[in-house]
1. Quick one: count up the residues across the range 23-41 that are charged (D, E, K, R) and assigned to a helix (DSSP H, G or I).
2. What pairs come up if the first residue lies in the range 49-73 and is under 14 Å from Leu89 (Cβ atoms), the second is outside any strand (DSSP E or B) and among the acidic types (Asp, Glu), and their beta carbons are under 6 Å apart, counting only those six or more places apart or on different chains?
3. Exactly one condition in (1) without any contact (Cβ under 8 Å) to a residue 60 or more places away in the chain; (2) in contact with a helix residue (DSSP H, G or I) (Cβ under 8 Å, 6 or more places away or on another chain); (3) of a type outside the set (A, V, I, L, M, F, W, C) is false for Asn86; which is it?
4. From the list Lys104, Lys117, which residue is more than 21 Å from Glu4 (Cα to Cα) and without any contact (Cβ under 8 Å) to a residue 12 or more places away in the chain?
5. I'd like the residue in the range 48-101 that is among the aliphatic types (A, V, I, L, M) and farther than 16 Å from Leu25 by Cα and, out of all such residues, is most open to solvent (accessible area, probe 1.4 Å).
6. Out of the residues in the range 90-128 that are among the hydrophobic types (A, V, I, L, M, F, W, C) and more than 12 Å from the chain's Cα centre (by Cα), which is nearest to Gln55 (Cα to Cα)?
7. Could you tell me whether any residue of the range 68-79 is at pLDDT 90 or above and touching a Phe, Trp or Tyr at 6+ places or on another chain (Cβ under 6 Å)?
8. Restricting attention to the range 18-36, report how many residues are open to solvent by less than 70 Å² (accessible area, probe 1.4 Å) and either at pLDDT below 90 or more than 18 Å from Glu83 (Cβ to Cβ) (or both).
Amino acid sequence: MWNEDWVINTKMTQCEMTPEVQTYLDEKLDAISKLVVVGDADAKVTCDVEIEKTQSQQHGPIWRAEMNLSFEGNMYRAEATAESINAALDEVKDEMTKRLRRDKKKRFDMIRRGGAKMKEWMRFGRRE
């Protein structure tokens, strides 16, 4: 689970936070926290979560969940609408993990390419 370096702001609009929803949200944030890699020990991770029930309709995708995650100068945002609050949170978690994994893969690919380039430069002066 996340530690004290995480700042979590939760906003409920047109609904109230129940213990069941809080527990479900904590499970989703725990899954996301495993993908957050913070290099600096003093860095803070800020997560803003907004859950809203739209009043314009009675059926269909009436729940909206939005998540903003920022750390070390990076900002990630995910938003989803669904027919239930749990489904909306699932979709937001899936989108956020997809973005975090893509960014992590990009970072490691750049490191790998840089290492390959250094190896190539080191071989340049060698005679074969």
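The values are calculated or read from the model by the stated rules, or taken from the named source; none is laboratory data. Here the structure is a predicted model, which means the values were calculated and not measured. Note: ideal-geometry Cβ built from the backbone for every residue, glycine included; neighbour counts use all protein chains shown. Surface areas here come from the heavy atoms of the whole protein model, side chains and all, with no ligands, DNA or RNA. Shrake-Rupley method; radii C 1.70, N 1.55, O 1.52, S 1.80 Å.
1. Residues that pass the stated criteria total 4.
2. From residues that are under 14 Å from Leu89 (Cβ atoms), the pairs are Pro61/Glu83.
3. The one condition Asn86 does not meet is (1).
4. It is Lys117.
5. Met75
6. Looking at the filtered set, the residue picked out is Phe108.
7. Within the range 68-79, one or more residues are at pLDDT 90 or above and touching a Phe, Trp or Tyr at 6+ places or on another chain (Cβ under 6 Å).
8. Total meeting the criteria: 9.
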